[in-house]
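Accompanying notes for the structure given below.
The values are calculated or read from the model by the stated rules, or taken from the named source; none is laboratory data. Keep in mind that what you see is a predicted model, and the values were worked out from it rather than measured. In this analysis, Cβ positions are derived from the backbone assuming ideal geometry, glycine residues included, and neighbour counts consider all displayed protein chains.
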Amino acid sequence: MPTKKKIATVEVLADRLRRSTIIVATDYRGLRMAELTAVRRRLQDAGADYRVVKNTLARRAAVLAERDDVAQVLTGPTALAMGFGDAIEPVKLLMEHIRTHRLALKITGGALDGRALSDRDITQLALLPGRTELYGQVVGVLQAPLSGLVGVLQGNLRSLVGVLQARRAQLTGGEA
């Protein structure tokens, strides 16, 4: 018989799974509590959630949230990183934190848009540019033709001014 605490945990986790845009499953064995707390804080700063979950409760929450993709990546001791906005940013932060602090945290898989991802897929996602970087690239691509057009128009105006100054000098007898 499930306890009220477990039922509440499943409901909260199901809500988070429903709202999340990306989920990264990690194997946290070998990490100290201070290291887990540092990962949790780093992800919270980016608007993501990181929590150690019991697989049986997480599977029930995944069923409740209709996220079969999440149930597929729950193997061994699991902690889930759940991002609620940009799907790439939490993955980038997690991978960067693992690399810079040389953590023994192992990514075991993930879920994105109803599809289960392998650890290699998650690594590839970390290499993609984030939302703000993509916005900057799009603005740059859109701005380039406009800058070129402005340059061409300015060149034509400069040429016209040069012709008019030469004509004025010609009419005034070279005193321009």
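Just one of the listed residues (MET33, MET82) is outside the structural domain of TYR135 (by TED's automatic domain parsing) and free of Cβ contacts under 8 Å to residues at least 12 places away in the same chain, and it is MET33. Of GLN143, GLN154, GLN137, GLN124, all but one fail to be modelled with pLDDT of 85 or more, assigned to a helix (DSSP H, G or I) and over 19 Å from LEU43 (Cβ atoms); the exception is GLN124.
Mind checking whether some residue in region 119-134 is of a type in the set (Lys, Arg) and either free of Cβ contacts under 8 Å to residues at least 12 places away in the same chain or on the phi > 0 side of the Ramachandran plot (or both)? There is at least one residue in region 119-134 that is of a type in the set (Lys, Arg) and either free of Cβ contacts under 8 Å to residues at least 12 places away in the same chain or on the phi > 0 side of the Ramachandran plot (or both). Beta carbons closer than 8 Å, at least 6 apart along the sequence or on distinct chains, pair a first residue in region 98-116 that is of a type in the set (Ser, Thr, Tyr) with a second that is in a strand (DSSP E or B) for THR108/ALA25; THR108/THR26; THR108/ASP27; THR108/THR78. Is it true that ARG60 is at pLDDT 90 or above and either crowded, with 18+ Cβ neighbours inside 10 Å or acidic (Asp, Glu) (or both)? Answer is yes for this residue. Taking the criterion of being under 30 Å from LEU74 (Cα atoms) and either over 26 Å from the mean Cα position of the chain (by Cα) or of a type in the set (Lys, Arg) (or both), the residues of region 114-155 that qualify are ARG115, ARG120, ARG131.
Number of residues in region 95-135 that are crowded, with 19+ Cβ neighbours inside 10 Å and within 21 Å of ARG18 (Cβ to Cβ): the value is 7.
Kindly establish whether GLN165 is assigned to a helix (DSSP H, G or I), outside the structural domain of THR26 (by TED's automatic domain parsing), modelled with pLDDT under 85 and surrounded by 10 or more Cβ atoms within 10 Å (Cβ to Cβ). It is false that GLN165 is assigned to a helix (DSSP H, G or I), outside the structural domain of THR26 (by TED's automatic domain parsing), modelled with pLDDT under 85 and surrounded by 10 or more Cβ atoms within 10 Å (Cβ to Cβ). Which pairs have Cβ atoms under 6 Å, sit 6 or more apart or on different chains, and link a residue in region 7-24 that is over 23 Å from ILE107 (Cβ atoms) and assigned by TED's automatic domain parsing to the domain that holds ARG67 to one that is not charged (D, E, K, R) and not in a strand (DSSP E or B)? Hits for this filter: THR9/LEU57; VAL10/LEU57; VAL10/ALA61.
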